[in-house]
Amino acid sequence: MADGGQDLRAWDRAQLLALFDPATGALDRRVLSDEALYQLELERIFARGWNFMCHDSQIPEPGDYFISYIGEDQVIVVRDEEGGVNVLLNTCRHRGNALCRAEQGRAKSFVCSYHGWNYALDGRLIGVPGLKTFYHNDIDRSRLGLARARAENYLGFWFATLATDAPALRDYLGDVGRTGLGMICANGEVEVVDGVQKNVISCNWKIAVDNLFDWYHVPYSHASANTAGFLDIAAIQHPQSQMVMLGEYGHAIGGPGIPRERQDQIDAMSDEERAAASRAAPPNSPRIRPRAARDLMGPVGVRSEGHPNIFPNLWITLGGLQMCLRLPRGPSKTELWWFTFVPKGAPPALRRAMIAQANHVFGPAGILEQDDGENWSQSTRSARGFSSRGLGQYIGMGLGHDQAVAGEDGEHYIESAVGEHGQRWLYRAWTEWMAARDWTELKANHTPPPTGPV
Amino acid sequence: MAPDLTTREKLLSDRVLLQYEVEQFLYAEAALLDARQYRRWLGLLADDIHYWMPIRRTVTLADIDREFTKLGDMAYFDDDRTLLEVRVRKLEAGSAWSEDPPSRSRHFVSNVRILEIAGDEITVEACFHLYRTRLEADIDSWVGRRVDTLRRTDAGFRLAKRHLFLDQTVVQSTNMSTIF
Ligand code: FES
Ligand SMILES: [Fe+2]
């Protein structure tokens with residue numbers, strides 16, 4: 001059934017591109033409510049892009065699996081006997097039953113609970129009850145293995161795509177995506193903390209992604225966290241010192257940036273001096289990253305204290321402590337999954353402090369996160385009213401007032417006050433992904449990160 | 001003059017009295033939360049309270065010891081008194097948008113069983129049902145098992161521990177801005 005009473009109709013290329021106008025910042029609110037657009041997103045955004053699955057440390061041993069999603073396609077992420085990672089659609093090739101019902105676990109093989117077909121950890125169909133008696137040996141098992149997604153990892157973070165023509169993960173991530181994952185590992189190799197918080201919000205997934213670039217909402221949405229003495233918003237927002245990095249295919253980072261002069265001072269410091277300065281800094285200030293961070297994040301990226309988003313739906317937050325995946329569940333429903341990382345072998349006190357911060361700030365009971373969901377669901381809800389929908393979203397902040405510059409390693413970034421460059425980049429990329437029928441078209445017809453007035 | 005109680009009757013009457021005291025405390029505490037009397041609710045907490053809700057997962061029977069996350073790992077709540085005071089100040093701030101306009105909540109406590117008495121501490125297991133409605137038509141219904149520790153003081157019981165085991169894996173709510 002169409003959401004909001006709209007007709008299920010096909011969208012052509014010109015109509016898709018017209019849904020967002022980067023010259024004015026006008027976004028058509030049907031992107032938040034239309035069922036046909038949503039179905040097209042599952043195909044052209046989620047099945048086509050590289051989707052975050054899980055971290056190496058969640059499935060360390062052969063047979064360890066974790067259930068994740070590519071859009072609404074449920075997948076099994078499993079380590080095989082050779083140590084490789086397979087991403088398999090969790091649907092039996094016989095009648096479609098789910099092979100795994102648990103959200104994590106360990107398996108020797110996957111036996112279907114319906115009629116007992118048995119699949120190896122790499123998805124091969126290795127057992128069919130009644131193969132001789134009922135099937136008369138007349139079945140091509142080689143064609144009935146579990147459907148596989150392409151799986152690749154960067155720094156131990158596993159991603160998967162259902163597009164055979166997608167670029168390699170490293171190229172897909174580009175400098176911005178690599179900076180984002182590098183932010184998590186900037187203080188050394190990490191491991192996941194046990195437990196993925198999951199909850200569901202009645203909002204379109206893009207509203208949640210839009211919000212991660214939004215440093216404008218912080219003093220208003222989260223005023224009560226400030227009043228309650230939980231944190232000092234003025235000390236974290238840095239409204240005049242923002243840096244937005246724009247990457248190919250829609251990746252972006254937005255939020256506070258370390259001014260270049262300050263970074264020059266940091267670059268001259270040894271790791272010991274950085275650690276000492278971090279200890280002397282006021283509580284809640286970001287730790288000064290060690291020298292090695294520059295290799296992981298690049299000379300521009302290392303200056304970011306902001307929020308990366310790996311297109312389409314992977315937010316990296318709290319200086320790389322957490323990731324939040326926004327999984328689409330219909331035009332007006334999104335599931336949020338929170339992953340938390342600490343340095344491998346972190347001293348117990350540091351580990352405790354990091355986990356406490358993650359538990360207290362984000363997740364459905366988080367002192368900050370509590371207040372976001374209702375704003376997102378009400379913003380989504382208004383896209384269902386006939387006239388409210390017609391008004392459009394206004395994403396025009398800073399438009400035409402700032403300059404994008406190219407960094408020494410080819411990064412594209414904007415230094416300015418709080419603005420909406422990240423959001424415009426997101427929606428612009430979204431229209432281009434939606435309009436392209438395959439990777440060849442997307443590669444040929446996407447806007448490269450800009451230089452000059454933006 | 002009342003007839004002498006047998007030993008068995010005496011034991012039973014002590015247990016009934018304690019059960020009554022414990023239940024009345026839990027009901028009064030629930031009533032304070034439903035009436036949004038958060039300051040008065042804070043008054044019922046011990047200074048060393050641990051308020052915790054681990055993450056629950058769908059796992060196979062073979063893996064059932066991993067159903068809940070362990071102490072020290074990720075959780076929905078892992079609060080000490082300081083953080084619960086933050087939550088209350090936030091609720092009172094007038095800008096906690098997820099609770100202003102305020103939610104309507106009803107805390108049900110049932111199946112109350114005293115598990116252990118150790119000195120001045122009583123461990124109590126109960127089932128909870130927290131029903132919350134918000135705005136026009138949002139409904140949250142949280143059910144689970146709860147293990148509380150009540151500590152006897154001169155001023156009455158104080159809540160020293162509340163561990164909440166929710167019967168949901170993907171939390172079916174926009175937020176958990178209510179106190180359980
Ligand atoms: S559906 Fe899996 S064996 Fe029949
Ligand atoms: Fe927020």
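The values are calculated or read from the model by the stated rules, or taken from the named source; none is laboratory data. None of the values given here were measured: they were computed from a predicted structure. So basically every Cβ, Gly included, is an ideal-geometry build from the backbone, and we count neighbours across all protein chains shown. Quick note on the areas: whole protein, heavy atoms, side chains included, nothing else; ligands and nucleic acids left out. Shrake-Rupley method; radii C 1.70, N 1.55, O 1.52, S 1.80 Å.
From largest to smallest, what semi-axes in whole angstrom does the protein assembly as shown give when each is the square root of 5 times an eigenvalue of its alpha carbon gyration tensor?
43, 33, 25
A:ALA160: net charge of surrounding residues, Cβ under 11 Å, Lys/Arg +1, Asp/Glu -1, itself excluded?
Details: positive: A:ARG148, A:ARG150; negative: A:ASP73, A:GLU152.
Charge balance in the 11 Å sphere: 0.
Summing Lys, Arg as +1 and Asp, Glu as -1, what charge do residues with Cβ under 11 Å from the Cβ of A:ASN313 carry, A:ASN313 excluded? Before the final figure, lay out the partial values.
Details: positive: A:LYS206, A:ARG326; negative: A:GLU41, A:GLU335.
Charge balance near A:ASN313 sits at 0.
If the elastic network links every pair of Cα atoms under 10 Å, which of B:GLY94, B:GLY144, B:GLY72 fluctuates the most in the Gaussian network model of chain B?
Comparing B:GLY94, B:GLY144, B:GLY72 in the GNM, the peak value goes to B:GLY72.
Determine how many Å³ per residue the convex hull of the Cα atoms of segment A:327-454 encloses. If you can, show how the numbers build up before the last one.
Working: hull volume 26.9 nm³, N = 128.
Convex hull of Cα atoms, per residue: 210 Å³.
How much FRET efficiency would the formula 1/(1 + (r/R0)^6) give for B:SER110 and A:THR227, where r is the Cβ-Cβ distance and R0 is 30 Å, rounded to 0.05? It would help to have the intermediate numbers written out before the result.
On the way: r = 36 Å, r/R0 = 1.20.
For B:SER110 and A:THR227, the calculated efficiency is 0.25.
Using only atoms on other chains, find how many Cβ atoms lie within 10 Å of each Cβ of peptide A:218-226 and report the average. Don't skip to the end; give the middle numbers.
On the way: counts 0, 0, 2, 3, 4, 6, 14, 6, 3.
Across the residues of A:218-226, the mean count of other-chain Cβ atoms within 10 Å is 4.
For segment A:258-397, what's the relative contact order in percent, using C-alpha pairs closer than 8 Å and at least 6 residues apart? Please report the intermediate quantities before stating the final value.
Numbers: 111 pairs, mean separation 15.2, N = 140.
Computed value for segment A:258-397: 11 percent relative contact order.
Gain in length, A:GLU81 to A:ASP165, computed as 0.36 nm per residue apart minus the alpha-carbon separation, to one decimal in nm? Don't jump to the answer; show the numbers that get you there.
On the way: separation 84, 0.36 × 84 = 30.24 nm, distance 2.75 nm.
Here the segment from A:GLU81 to A:ASP165 would lengthen by 27.5 nm.
At what distance in angstrom do the alpha carbon centres of segment A:386-400 and segment A:187-242 lie from each other?
Taking the Cα centre of segment A:187-242 as reference, the centre of segment A:386-400 is 23 Å away.
Report, in cubic angstrom per residue, the convex hull volume of the C-alpha atoms of segment A:174-453. Spell out each step's value before the answer.
On the way: hull volume 39.9 nm³, N = 280.
Normalising the Cα hull of segment A:174-453 by residue number yields 143 Å³.
Where q = 0.18, 0.27 Å⁻¹, what log10 of I(q)/I(0) comes from the Debye formula for segment B:104-180, counting one point per Cα?
-0.78, -1.26
Sort A:TYR114, A:TYR394, A:TYR413 by accessible area with a 1.4 Å probe, largest first. Walk me through the numbers on the way to the answer.
Working: A:TYR114 135, A:TYR394 175, A:TYR413 15 Å².
Heavy-atom accessible area, descending, gives A:TYR394, A:TYR114, A:TYR413.
Given a 1.4 Å probe and the protein chains all in place, what does the accessible area of A:MET354 round to, in Å² to the nearest 10?
Only protein atoms counted, so the area is about 40 Å².
Under a crude label model (7 Å from the Cα following the beta-carbon direction), how far is B:VAL88 from B:SER141 in nanometres?
Calculated label separation equals 3.1 nm.
Between segment B:55-101 and segment A:267-286, what is the C-alpha centre distance in whole Å?
Segment B:55-101 and segment A:267-286 have Cα centres separated by 31 Å.
How far apart, in nanometres, would the label points at B:GLN37 and A:THR24 be if each is projected 7 angstrom from Cα along the Cα-to-Cβ direction?
So the two model labels end up 5.7 nm from each other.
Please figure out what share of the DSSP beta bridges in chain B is antiparallel and state it in percent, rounded to the nearest 5.
Working: 41 of 45 bridges.
Counting DSSP beta bridges with both partners in chain B, the antiparallel share is about 90 percent.
Residue by residue through A:97-108, how many Cβ atoms from other chains fall within 10 Å of the Cβ on average? Let's see the in-between values first.
Details: counts 0, 0, 0, 2, 3, 9, 5, 6, 7, 3, 2, 0.
Mean number of neighbouring Cβ atoms from other chains: 3.
Considering the Cα positions of segment A:51-154, please state its Rg to one decimal place and its Dmax as a whole number of Å.
Values for segment A:51-154 (Cα only, Rg and Dmax): 13.8, 47 Å.
Would you kindly find the accessible area of B:LYS70, with a 1.4 Å probe and non-protein molecules such as ligands, DNA and RNA excluded, rounding to the nearest 10 Å²?
110 Å²
What is the local net charge at A:ASP371, summed over the other residues whose Cβ is closer than 11 Å to its Cβ (Lys, Arg +1; Asp, Glu -1)? Don't skip to the end; give the middle numbers.
Working: positive: B:LYS90; negative: A:GLU369, A:ASP372, A:GLU374, B:GLU99, B:ASP100.
Net charge around A:ASP371: -4.
Can you spot the lysines whose alpha carbon is less than 21 Å from A:LYS333's alpha carbon? Ignore those fewer than 8 places along the same chain.
A:LYS198, A:LYS206
Given a Förster distance of 51 angstrom, what is the FRET efficiency for B:SER13 paired with B:ARG66, based on the Cβ-Cβ distance and rounded to 0.05? Write down the numbers at each step before the final one.
Values: r = 43 Å, r/R0 = 0.85.
Here the calculated transfer efficiency is 0.75.
Helix-derived [θ] at 222 nm for chain A: sum -39500 (n - 2.57) over DSSP H runs of at least 4, divide by residue count, nearest 500? Before the final figure, lay out each step's value.
Values: 15 runs with 130 residues, N = 454.
It lands at -8000 deg cm²/dmol.
Mind ranking A:GLU152, A:GLU369 by accessible surface for me, highest first, 1.4 Å probe?
On the way: A:GLU152 55, A:GLU369 10 Å².
So, going from the largest accessible area down, we get A:GLU152, A:GLU369.
In what sequence, largest accessible area first, do B:CYS127, A:CYS203 appear using a 1.4 Å probe? Show your work: numbers first, answer last.
Numbers: B:CYS127 50, A:CYS203 0 Å².
Final ranking, largest accessible area leading: B:CYS127, A:CYS203.
Using 1/(1 + (r/R0)^6) with R0 = 60 angstrom and r between the beta carbons of B:ALA155 and A:ASP264, what's the FRET efficiency to the nearest 0.05? Could the numbers behind the result be given before it?
Working: r = 59 Å, r/R0 = 0.99.
That pair, B:ALA155 with A:ASP264, gives E of 0.50.
Could you run the Debye sum over the Cα atoms of chain B, one equal point scatterer each and no solvent, and tell me log10 of I(q)/I(0) at q = 0.08, 0.16, 0.18 Å⁻¹, two decimals?
Results for chain B at q = 0.08, 0.16, 0.18 Å⁻¹ read -0.30, -1.06, -1.29.
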